[in-house]
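Novice: Below you'll find the structure I mean.
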Amino acid sequence: MTLEELNQSLRDCQACRLASGRTQVVFGTGNPHASIMFVGEAPGLNEDKQGVPFVGAAGKVLSKLLESVGLSRDEIYIANVVKCRPPDNRNPQTDEIETCKPFLLQQIQIIKPKLVCSLGNFAMQTLLGKKIGITKVRGQVFQLPEFILFPLLHPAAALHQGNLMAPLREDFQKLKKILDEMTNEPEHSSPVQDKPVQMDLF
Ligand code: SF4
């Protein structure tokens, strides 16, 4: 299946209760062959209206952080753990995440990124399969069977709690180092210098 076929197959998805309140499914955006993917939590008001992830205030923060490490949105892929907006921007519930998670994993399997940057608790916990707080694992590198996971704070959290902006910026600088190592690495070798954590995902 191609990414576009998966996108089309979800246009009218009714698999969880979030279908009833959405304007549209927010599938994802960016380069379908990206080696770096960012995964957020869920669409908000603006994303639901426009059908594109990270277009609101948090999206602007993300764009600036990407620019700070020389990345543009065109070269990465961005998606969310759940593809439909939770009512009143509440957190996605466990059963909603479990229902939508296979679509995220399918996106990852099709795109085949080398590096996935999760944004916030929900994306990190979904991909790592562990109920750990993001502040405990942010900025660490996890070698999963299919890709490297690099958990980051959510830009929206940094917007609302100013003290989180500095650690988020700091982690983007670590990301820059990982990207530089990925660029310079010989084919098939690990770009990670830190001791990776081996975990099963798929
Ligand atoms: S959130 Fe995911 S599983 Fe639920 S309706 Fe939307 S696309 Fe389907």
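Every read-out reported here was derived from the displayed coordinates using simple, explicitly stated rules and does not represent laboratory data. Worth saying up front: this structure is predicted, and the values here are computed from it rather than measured. All Cβ positions, glycine included, derive from the backbone under ideal geometry; neighbour counts span all protein chains shown.
Novice: Suppose R0 equals 35 Å; then what is the FRET efficiency for GLU75 and THR135 from their Cβ-Cβ distance, rounded to the nearest 0.05? Let's see the in-between values first.
Specialist: On the way: r = 29 Å, r/R0 = 0.82.
So the FRET efficiency works out to roughly 0.75.
Novice: Over the range 23-169, what number does the Rg to Rh ratio reach, with both radii from the alpha-carbon atoms and Rh per Kirkwood?
Specialist: On the way: Rg = 13.9 Å, Rh = 15.1 Å.
Here the Rg-to-Rh quotient is 0.92.
Novice: Taking a cut-off of 21 Å between Cα atoms, list the lysines near LYS177, but don't count ones fewer than 8 places away on the same chain.
Specialist: LYS64, LYS112, LYS114, LYS136, LYS195
Novice: So between GLU181 and LYS64, what do we pick up on full extension, going 0.36 nm a residue minus the alpha carbon distance? Each step should come with its number before you reach the end.
Specialist: Values: separation 117, 0.36 × 117 = 42.12 nm, distance 2.18 nm.
This chain segment gains 39.9 nm when fully extended.
Novice: Calculate, in nm to one decimal, what HIS33 and MET1 gain on full extension: separation in residues at 0.36 nm each, minus their alpha carbon distance. Write down the numbers at each step before the final one.
Specialist: Numbers: separation 32, 0.36 × 32 = 11.52 nm, distance 1.41 nm.
Going from the current span to full extension adds 10.1 nm.
Novice: Just want to confirm a number: the relative contact order over the range 4-59, from Cα pairs under 8 angstrom separated by 6+ residues, in percent.
Specialist: Numbers: 40 pairs, mean separation 17.9, N = 56.
32 percent.
Novice: Only bridges with both residues in the chain count here: give the DSSP antiparallel percent, nearest 5. Before the final figure, lay out the partial values.
Specialist: Values: 4 of 19 bridges.
Taking every DSSP beta bridge within the chain, about 20 percent pair in antiparallel fashion.
Novice: Apply the Karplus parameterisation 6.51 cos²θ - 1.76 cosθ + 1.60, with θ equal to phi minus 60°, to every residue of the range 126-138 and state each ³J(HN,Hα) to the nearest whole Hz, in sequence, with x for glycine and proline.
Specialist: 5, 7, 8, x, 9, 8, 10, x, 4, 5, 7, 10, 4
Novice: So, in nm, how far is label GLN24 from label GLN106 when the simple model puts each one 7 Å beyond its Cα toward the Cβ?
Specialist: 1.9 nm
Novice: Give me the angle, in degrees from 0 to 90, between the Cα long axis of helix 94-111 and the longest principal axis of the Cα atoms of the chain, rounded to the nearest 10.
Specialist: On a 0 to 90 degree scale, this one is about 60.
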